[in-house]
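Okay, structure first, notes after.
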Amino acid sequence: MNDTLLYIAYSVAPLIIGWVLDLLLGDPPRLPHPVVLFGRMTAWCEHRFNRGSRENAAYSRRAGVAVAVLLPSVVFAATWGLIVLAGMVHPLVALAVQAVLVFYCLAGTTLVREVRDVFLALDRSIDEGRRQVARIVGRDTSALSAHEVRTAAIETLAENLSDGVVAPLFWYMLLGGPGMMAYKMVNTLDSMIGYRTERYRDFGRAAARIDDAANWLPARITAMLMVAVSGCRLSHLRFVLRYSSCHASPNSGWPEAALAGALDCRFGGPHHYFGTLFYKPYIGCNDRPLSLTDMKKAVEINRLSEILMVIIVVIALSTPYFPALHS
């Protein structure tokens, strides 16, 4: 077997194994998860270096830049070293390590379960629905109506298809396991400190900007995947192009617009984050109640988009260009 075919075998096999494990298991709650470690690293750095006051804004910005660059770099280097060491033991050990990393980095199955649980919890009571959706969104859910709870869950399903599935696969395609893990560190930083609140405005600015850059292309790929699996309608594409900019994030509007267009519903509006009211422009104009049928359709679109992205990555990794890029 020549070097190119060997590379293809040892890059495609971990992807398929890790993806299948995610489909079957999701995130097992009793296993240690690297994202938990990333969260602790972020929390420690934020507590140690974020001074969070106007008088120390310049220091917090500089410290935030250092943290936002250093932590993903450390994760990339550590992951690369782990894979190299595993390869010294045996190539199959390195393959197994990368497969486990792919498994840990994909969040498609867990997210689908969480969204389904939101709808099931709402059938029991509004309070249960609010508590359940609080597990997957950053906004204050204590005063949400049943319609707002369902909408929040479906919005998150769209946004996290990009962050939790397509983007990790994209970075695996470009930079292998180390790139995928570094992306998860970038995403963790943004999810914890990338807010425009008084506490995080300065310290988290660099983390938010790096996350925006890392997700720029994956978010647009996600939207196109969703359009493709929803029937490739020109009207759907026009809807996405019209509403994709109706979001505070330069990226989140793309998958949200794609799913809102597929469901003919409306996302966005005012939300509270950490006690601060943020107004999000509306995506779509049909403010209709969302149902269990809508959730099932959204899940189907997500799953089909995920499968299509895996196929694209496998094809890309099977071409001569990508082995050269990774070597």
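The values are calculated or read from the model by the stated rules, or taken from the named source; none is laboratory data. Being a predicted model, the structure only gives us computed values, none of them experimental. Methodologically, a virtual Cβ is constructed for each residue, glycine included, from the backbone with ideal geometry; neighbour enumeration extends over all protein chains shown. Ligands, DNA and RNA are excluded from the accessible area calculation, which covers all protein heavy atoms including side chains. Shrake-Rupley method; radii C 1.70, N 1.55, O 1.52, S 1.80 Å.
Residue count for segment 128-147, restricted to those that are touching a helix residue (DSSP H, G or I) at 6+ places or on another chain (Cβ under 9 Å), open to solvent by 10 Å² or more (accessible area, probe 1.4 Å) and not in a loop (DSSP other than H, G, I, E, B): 5. Taken as a whole, segment 119-133 holds no residue that is in contact (Cβ under 8 Å) with a residue 24 or more places away in the chain and under 25 Å from Ile221 (Cα atoms). All of (1) at pLDDT below 95; (2) open to solvent by 50 Å² or more (accessible area, probe 1.4 Å) hold for Val69 with one exception: (1). Only helices (runs of 4 or more DSSP H) whose full extent lies in segment 204-304 are considered here, and the ones with at least 1 residues that are in contact (Cβ under 8 Å) with a residue 60 or more places away in the chain and either open to solvent by 60 Å² or more (accessible area, probe 1.4 Å) or within 16 Å of Ala158 (Cβ to Cβ) (or both) are 205-229, 253-263. Of all residues in segment 99-150, those satisfying the criterion of being over 30 Å from Tyr172 (Cα atoms) and polar (S, T, N, Q) are Ser125, Gln132, Thr141, Ser142, Ser145. In the set (1) exposed (fewer than 12 other Cβ atoms within 10 Å of the Cβ); (2) modelled with pLDDT under 95; (3) not basic (Lys, Arg), Gly81 fails one condition alone, (2). Ile311 satisfies every condition listed in (1) modelled with pLDDT under 95; (2) exposed (fewer than 15 other Cβ atoms within 10 Å of the Cβ); (3) out of contact with any Cys (no Cβ under 6 Å at 6 or more places or on another chain) except (1). Taking the criterion of being touching a Lys or Arg at 6+ places or on another chain (Cβ under 7 Å) and either within 17 Å of Val75 (Cα to Cα) or small (Gly, Ala, Ser) (or both), the only residue of segment 89-120 that qualifies is Cys105.
Here Val89 meets the list (1) of a type in the set (Val, Ile, Thr); (2) in contact with a helix residue (DSSP H, G or I) (Cβ under 8 Å, 6 or more places away or on another chain); (3) modelled with pLDDT of 95 or more almost entirely, failing just condition (2).
Here is the figure for segment 34-52: residues that are open to solvent by less than 40 Å² (accessible area, probe 1.4 Å) and outside any helix (DSSP H, G or I) total 2.
When each of Val97, Val75, Val166 is tested for being more than 18 Å from Ser191 (Cα to Cα) and assigned to a helix (DSSP H, G or I), the lone residue that passes is Val97.
Contact map, segment 169-194: first residue free of Cβ contacts under 8 Å to residues at least 24 places away in the same chain and open to solvent by 10 Å² or more (accessible area, probe 1.4 Å), second residue hydroxyl-bearing (Ser, Thr, Tyr) and outside any helix (DSSP H, G or I), Cβ cut-off under 8 Å, separation 6 or more or different chains; pairs are Gly194/Tyr200.
Looking across segment 119-130 at every residue that is of a type outside the set (Gly, Ala, Ser) and over 12 Å from Arg150 (Cβ atoms), the one that is nearest to the chain's Cα centre (by Cα) is identified as Glu128. Checking each residue in segment 105-115 for being crowded, with 17+ Cβ neighbours inside 10 Å and among the charged types (D, E, K, R) picks out only Glu114. Before we move on, is Leu31 modelled with pLDDT of 95 or more and open to solvent by 20 Å² or more (accessible area, probe 1.4 Å)? Judged against the criteria, Leu31 is not a match. Among the residues of segment 131-138, is any modelled with pLDDT under 95, small (Gly, Ala, Ser) and within 14 Å of the chain's Cα centre (by Cα)? Within segment 131-138, one or more residues are modelled with pLDDT under 95, small (Gly, Ala, Ser) and within 14 Å of the chain's Cα centre (by Cα).
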